[in-house]
1. Give the average, rounded to an integer, of partner chain Cβ atoms located within 10 angstrom of each Cβ in A:38-48.
2. Volume per residue, Å³, of the convex hull around the alpha-carbon atoms of region B:58-116?
3. Using the alpha carbons of chain B, what is the convex hull volume per residue in cubic angstrom, as a whole number?
4. Label 7 Å along Cα→Cβ of B:Ser12; region B:77-109 residues with amide nitrogen under 12 Å?
5. Along the positive direction of the dipole of region A:1-80 (beta-carbon charges: Lys, Arg +1; Asp, Glu -1; about the Cα centre), which of A:Ile77, A:Gln37, A:Tyr48 reaches farthest?
6. Assign unit charges at the C-beta atoms only (+1 for Lys and Arg, -1 for Asp and Glu), then state the dipole size of the protein assembly as shown relative to its Cα centre in Debye, rounded to the nearest 20.
7. So how long is each side of region A:25-112 along the principal axes, counting just the alpha-carbon atoms, biggest first, in Å?
8. Counting Lys +1, Arg +1, Asp -1, Glu -1, what net charge surrounds B:Pro41 among other residues with beta carbon under 14 Å of its beta carbon?
Amino acid sequence: EAQVTQNPRYLITVTGKKLTVTCSQNMNHEYMSWYRQDPGLGLRQIYYSMNVEVTDKGDVPEGYKVSRKEKRNFPLILESPSPNQTSLYFCASSPWGRETQYFGPGTRLLVL
Amino acid sequence: AQTVTQSQPEMSVQEAETVTLSCTYDTSENNYYLFWYKQPPSRQMILVIRQEAYKQQNATENRFSVNFQKAAKSFSLKISDSQLGDTAMYFCAFMENTGANSKLTFGKGITLSVRP
């Protein structure tokens, strides 16, 4: 089944404790992206990747890192999480630019 | 920068009736893409419909259709024969056709409730 998977789905952590949210797609898509969803703000892009080893900032990159060592994986790294990073996070992928993006199931993160 | 506005935070409709969700956007681009995504209580983001700006014909997908007014920068979603499973949050989204980033710019969303 073609899909985008994220792990974990739910995470409670404390301020400053490094964490990684994984994202994997099995559709051989070149483009991948991370969004965060906050009430009243819709979804906003954090980082994106056009292909392996090609990543760039979106609209709200502060406090996040990403890497794209393999085509299928695009992990989101929070080196020192803070409470304002409490949010619902989505990974998305598409075959290439301007194609419809397919979203993962979301990761709900709570930073205490 | 592009912006997407969904001015109605909530709407309610009786089952089997028709409802229209509004969306306006602002851009200086001529070529772009517009989307409606559905987010049910499971939080999954599900594509409902997609419209290319260069196409004059309005997109349709079964009970879902759009009214795309390019000059007015308006992109409304019509849901016909509403079903209880249509209860969800709906997001309007814009994607420009220039540059390397295929970023989706989302509106704030509208919560739709379908009443039995």
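The values are calculated or read from the model by the stated rules, or taken from the named source; none is laboratory data. The model shown is predicted, which means the values in this text are computed figures rather than measured ones. Here Cβ is always computed from backbone atoms with ideal geometry, including for glycine, and neighbour counts include all displayed protein chains. Only protein heavy atoms, including side chains, enter the accessible area calculation; ligands, DNA and RNA are left aside. Shrake-Rupley method; radii C 1.70, N 1.55, O 1.52, S 1.80 Å.
1. That average works out to 4.
2. 110 Å³
3. Per residue, the Cα convex hull of chain B comes to 97 Å³.
4. none
5. A:Ile77
6. Once rounded to the nearest 20, the dipole reads 420 debye.
7. 36, 25, 21
8. Result for the local shell: +2.
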